[in-house]
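The values are calculated or read from the model by the stated rules, or taken from the named source; none is laboratory data. Computed from a prediction, not measured in an experiment: that's the story for all the values here. Counting neighbours? That spans all protein chains shown, and the Cβs are built from the backbone with ideal geometry, glycine included.
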Amino acid sequence: MNLKIICNTTIKLAKQVGQYIREAQKFLSPENIREKGMHDFVTEVDKSSEKMLVKGLHKILPEAGFITEEKTVAEQNTPFRWVIDPLDGTTNYIHRLRPYSISIGLLHYDQPVLGVIYEIGSDECFYAYKGGKAYMNGEQIKVSNTRLLKDSLIVTGFPVNKHHRLDPYLLVLKKIIINSHGVRRLGSAAADLAYVACGRFEAFYEYGLNPWDVAAGIVIVQQAGGKITDFNGGNNYLFGKELIASNNNIHDELTFIIYPLMNG
Ligand code: IPD
Ligand code: CA
Ligand code: CA
């Protein structure tokens, strides 16, 4: 298994499909957009791009199964599995905002071992695999070396539904706003993770996430020197629907704010 070759071929595929997604935006009309859950949108582009990714990734690693957001292929329980979000940031895409990304992770026995995130609007491709370094468009990237939360810029996401945890979550937001350079909400969890990996943000946190939002970003942040945990400081961050990703240095400070409020 040569992860470097797999990574390079996956990058090419992500860019091809990204080109399709970028072009398709020009022809997007309300008939192509559907609300699959409350405020949770899907376009024909999400589905067709997922099919292209599944076809291409199957060629790259025929023994691997799939976990995909749009369910265009059945989930299989194989040792290797691709985890795909064909369009992360659909709401941005519909509103003609950036970022919006393709997120492709590869799991080996449920451990993320490779990640490719292509932020289509800015043509920035982030990637890493276990045992290697993290890159953006061929340049090595690292997390920021800022030491304290008070000197940090944080990015987060707000759930579009699953609002039952919103009250404590807003208290977390308030505490972090008061104790940092500020908080941004960009609208693509994959891009949020990629931007932590390259040092634009010191940390990202969000709840209500799915494995396809985070699988690729987990590897990229880790290989860029960052740290990932769930809100309790534990390891249930891939399937656990919540995650803190940081430059390592400010991780404890952030967890001390998030953990008691979100578990209160
Ligand atoms: C969403 C984006 C958003 C996050 C949501 C995700 P989608 O993904 O990553 O930033 O806040 O939780 O569902 O629906 O655009 O693929
Ligand atoms: Ca997503
Ligand atoms: Ca999506």
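In region 105-115, which residues are surrounded by 15 or more Cβ atoms within 10 Å (Cβ to Cβ) and either within 16 Å of ligand 1 (Cβ to nearest atom) or of a type in the set (D, E, K, R) (or both)? Before you say what the answer is, go through the steps one by one.
Our first condition is that a residue be surrounded by 15 or more Cβ atoms within 10 Å (Cβ to Cβ); within region 105-115, this holds for 105-108, 112-115.
Result: Gly105, Gly115.
Restricting region 75-104 to residues that are more than 16 Å from ligand 3 (Cβ to nearest atom), surrounded by fewer than 20 Cβ atoms within 10 Å (Cβ to Cβ) and modelled with pLDDT of 95 or more leaves a set whose member that is nearest to Arg185 (Cα to Cα) is Phe80.
Applying a threshold of 6 Å to beta carbon distances and a minimum spacing of six or more residues, or different chains, the list of pairs starting in region 105-121 at a residue that is at pLDDT below 95 and ending at one that is of a type in the set (Phe, Trp, Tyr) and surrounded by fewer than 24 Cβ atoms within 10 Å (Cβ to Cβ) is empty.
Only one of the listed residues (Val172, Val160) is outside any loop (DSSP other than H, G, I, E, B) and either modelled with pLDDT under 95 or not polar (S, T, N, Q) (or both). That residue is Val172. Scanning region 212-232 finds no residues that are part of a loop (DSSP other than H, G, I, E, B) and basic (Lys, Arg).
Filtered by the rule that a residue be farther than 24 Å from Pro159 by Cβ and in a strand (DSSP E or B), region 44-92 gives Gly65, Phe66, Phe80, Arg81, Trp82.
Looking at this structure, is Arg184 surrounded by fewer than 20 Cβ atoms within 10 Å (Cβ to Cβ), within 13 Å of Phe126 (Cβ to Cβ), away from ligand 2 (no atom under 16 Å from the Cβ) and among the charged types (D, E, K, R)? The answer is no for Arg184.
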